[in-house]
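Engineer: My questions all concern the structure below.
The values are calculated or read from the model by the stated rules, or taken from the named source; none is laboratory data. As the structure is a prediction and not an experimental result, all values here were calculated from the model. Positions of Cβ are backbone-derived with ideal geometry, glycine not excepted, and every protein chain shown enters the neighbour counts. In case anyone asks, the SASA skips ligands and DNA or RNA and just uses the protein heavy atoms, side chains included. Shrake-Rupley method; radii C 1.70, N 1.55, O 1.52, S 1.80 Å.
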Amino acid sequence: MPITHAKGVAYANKLMAAFAAGFAKNNHAETTAGFFADELAWDWSDGTTGEGKLSEIMGIMAKSWGAMVDSFHPLNTTTIVDTDRSILFISCDLIINITGGLADENNPVHNAVVFVVHLDGGGFFTKKKIVKWEGYWDQKNPGFGDAFGRIMPKLGMDAPVPPASPMPITAEAGEAYAAAAMAAFAAGFKNNNHLETMAPYIADKVAWNWTDRRSSGEGAKEDVLGPFAESWGLMVDSFLLPNPIVVVDTDHSVITVAGELVINVTGGLATENNAVHNDIAMVFTLDKSKKATKWDIFWDNNNPEMNAALAKVSAKLGAANCRCMFRTSFAYVSLVPLGTLIRYRSSSVDRLSANSSSVPNTVLMWFGIVLSGRIVR
């Protein structure tokens, strides 16, 4: 079920305020009441992973971070709203104070954090609730070890021994990957050659989960970057992400990148120049060779500025026999010489005349390519 961008940002702000409020009295179950579904899944960088009842994850929280931290201050928060799928990507610089409830302790620690929350459909009279809660941060942050090393003996406990990392990466190496991969991604728009520019950063076999795909995919990198050349690679000639926030999960080699983005939608036409602002977030999960085997991208697929630019340029490309397809809010328009409209309803495929009055004017996003009557997804 969709959510508007404004409602998504408001939801994220209220969630973070309620979550922060829970640290003063270690009562997150109370302060966040109404935000989480009765049953949900969770996956955090500290190894807390599972699915079950809300009381289970709240119990874990109360015996771990809730017990050790007395204040939680998110700064420079960026929220990317996947409006089609009701997914909120919340990234921030974070200051927490680790005290263990001891009045004489004061150990502020800076550690950027990302929460990705997946919302359910909600109801006519009920608000959406979180059914999946992902959390990414650097669990190897030295500030954690220093603070716990001072506090735990006072509590009559041994300082925790960090477990072996399942897929380790240093924070520096993760940040270097993010910088290089995003530079390569941006460079690919100049000559529409992302398969070439991203080759050092994406594994031969990769799973992807992008906002403009109704479902996730998995296969050869050509399966995602090949069609990309017929969609975003074709339509965009520049990609500027000047100040991204990078968070590195050093235990699992997960790297998140988020920030304010400006793209220029031209369709390769010298007469077009349509700069569009739309925030974006990417999540790269790396293997031992430090290439991404999972690649998630989130953005607002219903950004009106973006849609207007795509519609304007697509109309001009349609006259030039453009062989690309963009998803409309309820249909798929293929800009081919025959001007067919492909509309998806469950597993069925209908064809309508491009001259039909039911063809919408707003063009939103790529979904597939029509080749010889087949749909390549």
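Engineer: In region 303-322, which residue that is at pLDDT 90 or above and aliphatic (A, V, I, L, M) is nearest to the chain's Cα centre (by Cα)? Steps first, please.
Structural biologist: Residues of region 303-322 at pLDDT 90 or above: 303-316.
Next, only the ones that are aliphatic (A, V, I, L, M) stay: 306, 308-311, 313, 315.
Numbers: 306: 18, 308: 23, 309: 23, 310: 22, 311: 25, 313: 27, 315: 30 Å.
Checked region 303-322; the qualifying residue nearest to the chain's Cα centre (by Cα) is 306.
Engineer: Condition first: touching a helix residue (DSSP H, G or I) at 6+ places or on another chain (Cβ under 8 Å) and either farther than 25 Å from residue 105 by Cα or of a type in the set (D, E, K, R) (or both). Can you find one or more residues in region 4-26 that meet it? I'd like the intermediate steps shown before the answer.
Structural biologist: So the first thing to find is which residues in region 4-26 are touching a helix residue (DSSP H, G or I) at 6+ places or on another chain (Cβ under 8 Å), and the list is 18-19, 21-23, 26.
Okay, now just the ones that are also either farther than 25 Å from residue 105 by Cα or of a type in the set (D, E, K, R) (or both), so none.
Scanning region 4-26 turns up no residue that is touching a helix residue (DSSP H, G or I) at 6+ places or on another chain (Cβ under 8 Å) and either farther than 25 Å from residue 105 by Cα or of a type in the set (D, E, K, R) (or both).
Engineer: What is the one condition in (1) among the basic types (Lys, Arg); (2) in a loop (DSSP other than H, G, I, E, B); (3) modelled with pLDDT of 95 or more that residue 190 does not satisfy?
Structural biologist: Result: residue 190 fails condition (2) only.
Engineer: Which residues, counting only those in region 224-251, are over 17 Å from the mean Cα position of the chain (by Cα) and part of a loop (DSSP other than H, G, I, E, B)?
Structural biologist: Across region 224-251, the qualifying residues are 229, 230, 231, 242, 250, 251.
Engineer: Here's something else I'd like to know. If you go through region 74-103, how many residues are within 22 Å of the chain's Cα centre (by Cα) and surrounded by 15 or more Cβ atoms within 10 Å (Cβ to Cβ)? First the steps, then the outcome.
Structural biologist: Residues of region 74-103 that are within 22 Å of the chain's Cα centre (by Cα), as a first pass: 74-94.
Next, from what is left, pick out any that are surrounded by 15 or more Cβ atoms within 10 Å (Cβ to Cβ): 74, 77-94.
Residues in region 74-103 being within 22 Å of the chain's Cα centre (by Cα) and surrounded by 15 or more Cβ atoms within 10 Å (Cβ to Cβ): 19 in total.
Engineer: Return only the number of the condition from (1) of a type outside the set (Lys, Arg); (2) open to solvent by less than 30 Å² (accessible area, probe 1.4 Å); (3) assigned to a strand (DSSP E or B) that residue 177 does not satisfy.
Structural biologist: Condition not satisfied by residue 177: (3).
Engineer: Open to solvent by less than 20 Å² (accessible area, probe 1.4 Å) and in contact (Cβ under 8 Å) with a residue 24 or more places away in the chain: is that true of residue 283 in this structure? Step through it out loud before you land on a result.
Structural biologist: Values: open to solvent by less than 20 Å² (accessible area, probe 1.4 Å): yes; in contact (Cβ under 8 Å) with a residue 24 or more places away in the chain: yes.
Taking the combined requirement at face value, the residue satisfies it.
Engineer: What are the residue pairs meeting all of these: first residue in region 186-205, first residue more than 16 Å from residue 227 (Cα to Cα) and crowded, with 18+ Cβ neighbours inside 10 Å, second residue among the basic types (Lys, Arg) and modelled with pLDDT of 95 or more, Cβ atoms under 8 Å, and 6 or more apart or on different chains?
Structural biologist: The qualifying pairs are 201/291; 203/221; 203/291.
Engineer: Ok, one more. Filter region 1-53 down to residues that are farther than 24 Å from residue 123 by Cα and among the charged types (D, E, K, R) and give me whichever is most open to solvent (accessible area, probe 1.4 Å).
Structural biologist: 25
Engineer: Give the residue that is nearest to residue 64 (Cα to Cα), with candidates limited to residues of region 126-154 that are outside any helix (DSSP H, G or I) and open to solvent by 60 Å² or more (accessible area, probe 1.4 Å). Walk me through it before giving the result.
Structural biologist: Step one: of region 126-154, the residues outside any helix (DSSP H, G or I) are 126-141.
Imposing the further condition that a residue be open to solvent by 60 Å² or more (accessible area, probe 1.4 Å) reduces the set to 126-127, 129, 132, 140.
Numbers: 126: 31, 127: 29, 129: 24, 132: 20, 140: 16 Å.
Selected residue: 140.
Engineer: Let me ask you something else. So which residues in region 218-232 are touching a residue at least 40 places away in the same chain (Cβ under 8 Å), over 18 Å from residue 281 (Cα atoms) and open to solvent by less than 70 Å² (accessible area, probe 1.4 Å), if there are any at all?
Structural biologist: Across region 218-232, the qualifying residues are 227, 231.
Engineer: Within region 116-126, is even one residue out of contact with any Lys or Arg (no Cβ under 6 Å at 6 or more places or on another chain), modelled with pLDDT of 95 or more and within 30 Å of residue 279 (Cα to Cα)?
Structural biologist: Just the residues of region 116-126 that are out of contact with any Lys or Arg (no Cβ under 6 Å at 6 or more places or on another chain), to begin with: 116-117, 121, 123-126.
Applying the additional criterion that residues be modelled with pLDDT of 95 or more yields 116-117.
Next cut, within 30 Å of residue 279 (Cα to Cα) only: 116-117.
Looking through region 116-126, at least one residue is out of contact with any Lys or Arg (no Cβ under 6 Å at 6 or more places or on another chain), modelled with pLDDT of 95 or more and within 30 Å of residue 279 (Cα to Cα).
Engineer: Filter region 1-34 for residues that are outside any helix (DSSP H, G or I) and in contact with a Ser or Thr (Cβ under 8 Å, 6 or more places away or on another chain) and give the result. Break it down into steps so the answer makes sense when it comes.
Structural biologist: Of region 1-34, the ones outside any helix (DSSP H, G or I) are 1-4, 22-27, 32-34.
Scanning region 1-34 gives 1, 2, 3, 4, 22, 23, 24.
Engineer: Answer with yes or no whether residue 170 is without any contact (Cβ under 8 Å) to a residue 60 or more places away in the chain, open to solvent by 30 Å² or more (accessible area, probe 1.4 Å) and among the hydroxyl-bearing types (Ser, Thr, Tyr). Outline the logic, then answer.
Structural biologist: Values: without any contact (Cβ under 8 Å) to a residue 60 or more places away in the chain: no; open to solvent by 30 Å² or more (accessible area, probe 1.4 Å): yes; among the hydroxyl-bearing types (Ser, Thr, Tyr): yes.
The answer is no for residue 170.
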